[in-house]
Every structure is written in structure tokens, then in C-alpha cells.
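Novice: Before anything else, here's the structure in question.
Just so it is clear, none of the values below were taken in a lab; they were calculated from the coordinates. All values reported here derive from a predicted model rather than from experimental measurement. Using ideal geometry, Cβ is built from the backbone for each residue, glycine included, and neighbour counts are taken over all protein chains shown.
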Ligand SMILES: *Cc1c(COP(=O)(O)O)cnc(C)c1O
């Protein structure tokens with residue numbers, strides 16, 4: 001590996017200085033100060049002040065919980081914003097390319113389109129594993145990012161440590177491991193290995209296990225140097241005050257989050273058992289996430305039948321290697337009861 005941050009950073013970004021906001025220049029230490037610096041409305045209503053642009057309180061807790069330094073962390077308006085920042089920092093439009101491994105999360109392709117960056121897709125193998133040989137053949141001098149989603153959406157499986165290590169060793173760009181579903185997985189986060197690999201980046205989110213999709217909070221972890229580059233281009237107030245406050249309360253309540261994750265894992269096991277009894281489900285794929293991918297006889301038909309009965313799932317059939325697949329998010333006992341009843345009903349419908 002011959003990774004150099006200098007080599008992968010766009011020329012225009014190298015020269016940038018971050019926008020210095022009023023709240024960057026003076027940070028309140030809680031003492032009684034008069035703030036006449038940011039043209040805010042002075043009448044208190046809970047949100048009349050600009051939020052902390054570096055989200056210091058929230059970041060300190062998240063960093064500690066993940067065993068990294070706060071300088072290794074950047075927070076975003078969902079992990080989707082973090083992923084977009086990567087394109088803007090490292091990928092020169094119409095010149096550079098990224099590597100993604102379909103079937104996988106759709107945003108990598110959407111963001112490459114928005115940013116005018118070629119997305120070189122290297123399909124997973126039939127058993128949904130990265131094809132390392134093909135990936136290495138596809139990489140060239142303009143390949144800046146490889147997106148590894150593990151556990152992978154929509155397939156649900158995790159990729160082996162060996163495979164990911166091999167990519168980290170052989171790629172001169174950034175290896176981005178999207179760990180949106182890591183809290184449902186028995187595997188350890190790659191965040192603990194940041195010091196071993198200068199080209200490793202890990203992204204997480206509060207949208208899934210933490211139950212906070214509505215507030216939009218994404219977490220990005222990488223070397224201090226990489227985070228410093230991203231800090232130069234992030235919008236100054238990208239994480240709003242209400243989000244910072246809600247997120248802090250939630251991440252401190254580790255008991256509640258842990259209990260919900262445990263319940264979801266129990267429900268996943270029960271749902272798999274129930275799905276095994278449905279005659280038109282041919283394969284149930286192993287899952288390390290809070291969803292289950294299944295192969296059915298006719299995905300379009302089954303999808304419509306469920307929709308007609310008021311149950312919304314995801315038809316993943318248009319994805320490569322996913323013909324006739326449906327994705328079920330793990331829900332509550334009641335939701336599963338309704339789902340299973342409906343599956344049994346449509347089994348006999350026609
Ligand atoms: C849901 C999901 C995300 C979450 O994105 P947010 O913008 O943080 O809500 C990220 N990556 C993958 C693979 C996902 O499935």
C-alpha cells in the first residue's frame with residue numbers, strides 16, 4: 001500500500017481554509033457572557049442561538065464510546081451527507097472514479113452521479129462476497145474510494161476481516177466501510193483499527209439501531225488528517241441544535257438502546273422461523289442486520305399482494321443477483337403477526 005492523503009485530495013480542497021463562523025471563534029464555556037457576535041435574535045426560545053459547529057459535547061461521548069479520539073470523528077446530517085463530503089473532498093469530477101460492490105446501498109451510485117464521478121461496479125460473487133481479484137483489476141490510478149457496506153444492504157451479510165484487510169493493504173485510495181448496521185452484528189467495528197490503516201474510514205449512523213432516523217445524524221471516523229480535510233469543506237452548521245441535543249440524550253442512554261437492539265435481534269430470529277413456513281419463500285438469506293432478504297417465486301406479485309393488504313416491504317428484484325427478492329425490515333411482534341397472517345393468506349389466494 002502506498003497511501004498518501006496529499007495524493008488523493010483534490011487540488012482546490014488542498015488550498016481551502018474552512019469558513020470561520022462566529023461560533024467557531026468564541027466557544028462558550030458556560031460562563032455568563034454577552035453574545036452580540038452572530039446577529040442572532042437575543043430572545044431565548046431554545047433554538048435562537050447557532051448550534052456548536054463542532055458538536056463538541058455529542059462528539060466527545062460518541063468518540064469515547066467508540067474508543068477513538070474526538071479528532072478522529074466528523075458528524076454529518078445523516079451518513080449520506082458524510083458520504084457526499086467524501087466525493088467533494090477526494091474525487092475530481094469527470095476524472096476520478098469510485099468502486100462499489102452491487103448489490104449494495106443505492107446512495108453510492110446516486111452520489112457518484114450527482115458529483116460527476118464514474119462508479120465502477122464490481123458485482124459481489126453469487127454468495128454475496130467481494131470479488132477481490134476483480135476489484136483489484138478494476139482499480140486504476142484515478143480510483144479514489146472503495147465503498148464496502150458491511151453488514152451489506154440489502155443482502156444482510158458481513159464481509160470477512162481477511163477480505164477487507166486485503167483491500168486495505170492493496171488499495172492506494174480510501175477504503176470506506178459503511179457500518180450502518182454494525183450494532184445488529186456480532187462483529188466488532190473497524191473503528192478499533194483506525195491506527196493500523198491510514199486509508200481506513202468507517203461510517204455509522206443513528207438512523208437504524210439507535211432509532212433516530214428522523215433527526216439525521218451520521219458519524220464518520222478516520223485519521224485526524226482525513227477528518228481535518230473534511231472539516232474544511234463541511235457546511236459550518238451541518239448538524240442542527242435539536243439533533244445535537246436529542247442525539248446526546250439518546251447515546252447516553254445505552255441501556256435503552258441496548259435493550260431495543262436485543263429485542264430486535266430476538267424478533268429477527270422469530271421472524272426467520274415464521275418465514276420458513278411460507279411456501280412461496282424459497283431462500284432466506286443469513287442476516288447480521290435488522291432486515292431479512294428472501295427469495296420468492298414471483299417478487300412483483302408478492303410485493304403487490306402485500307401492499308394491497310397494507311404491508312409495505314422492499315422489492316429488491318431490480319438489483320443484480322437479487323432476482324425475485326424481497327427485503328423485510330424487522331419490526332415488532334404485532335407487526336410480524338400481521339405480516340405472517342397476510343403471507344399465509346396470500347399463499348392460498350391464487
Ligand atoms: C440506512 C443506511 C444508511 C443511513 O444513512 P443516514 O443518512 O445516516 O440515515 C447508511 N448506509 C447504509 C448502507 C444504509 O442502509
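Novice: For a quick protection proxy, order the peptides 139-152, 82-95, 41-54 by their average other-Cβ count within 10 Å, most packed first.
Specialist: Order by mean packing, descending: 139-152, 82-95, 41-54.
Novice: I've got another one for you. Please determine, in degrees from 0 to 90 and to the nearest 10, the orientation of helix 79-90 with respect to the longest principal axis defined by the Cα atoms of the chain, where the helix direction is its Cα long axis.
Specialist: 60 degrees
Novice: Sort 137, 295 so the one with the fewest other Cβ atoms within 10 Å of its own Cβ comes first.
Specialist: Ordered from fewest to most neighbouring Cβ atoms within 10 Å, 137, 295 come out as 137, 295.
Novice: Here's another thing I want to ask about it. Hey, what angle do you get for helix 241-252 against the long axis of the chain, alpha-carbon based, 0 to 90 degrees rounded to 10?
Specialist: Around 60 degrees separate the two axes.
Novice: Moving on. Explain nothing, just the number: relative contact order of the chain, from Cα pairs under 8 Å at least 6 residues apart, as a whole percent.
Specialist: 18 percent
Novice: Would you work out the Kirkwood radius for region 255-349? I mean one over the mean of 1/r across all pairs of different Cα atoms, in Å.
Specialist: 13.6 Å
Novice: Okay, moving on. How long, wide and thick is region 17-97, going by the Cα atoms along their three principal axes, in whole angstroms, largest first?
Specialist: That gives 50, 32, 23 Å along the principal axes, largest extent first.
Novice: Additional query: What Kirkwood hydrodynamic radius, in Å, does region 139-239 give when the mean of 1/r is taken over all pairs of distinct Cα atoms and then inverted?
Specialist: 14.6 Å
Novice: How many angstrom separate the Cα center of region 268-323 from the Cα center of region 84-98?
Specialist: Region 268-323 and region 84-98 have Cα centres separated by 35 Å.
Novice: Give me the percent of Cα-Cα pairs in region 5-252 that sit more than 29 Å apart, rounded to a whole number.
Specialist: Pairs farther apart than 29 Å: 30 percent.
Novice: Same structure, new question: Can you compute the helix-only [θ] at 222 nm over the chain? Use -39500 (n - 2.57) per DSSP H run of at least 4 residues, normalise by all residues, nearest 500 deg cm²/dmol.
Specialist: -11000 deg cm²/dmol
Novice: Divide, for region 1-51, the radius of gyration over alpha carbons by 2.2 N^0.38 Å, where N is the residue count.
Specialist: 1.86
Novice: For helix 224-233, what angle does its Cα long axis make with the longest principal axis of the chain, in degrees from 0 to 90 and rounded to 10?
Specialist: For 224-233 against the chain, the angle is about 80 degrees.
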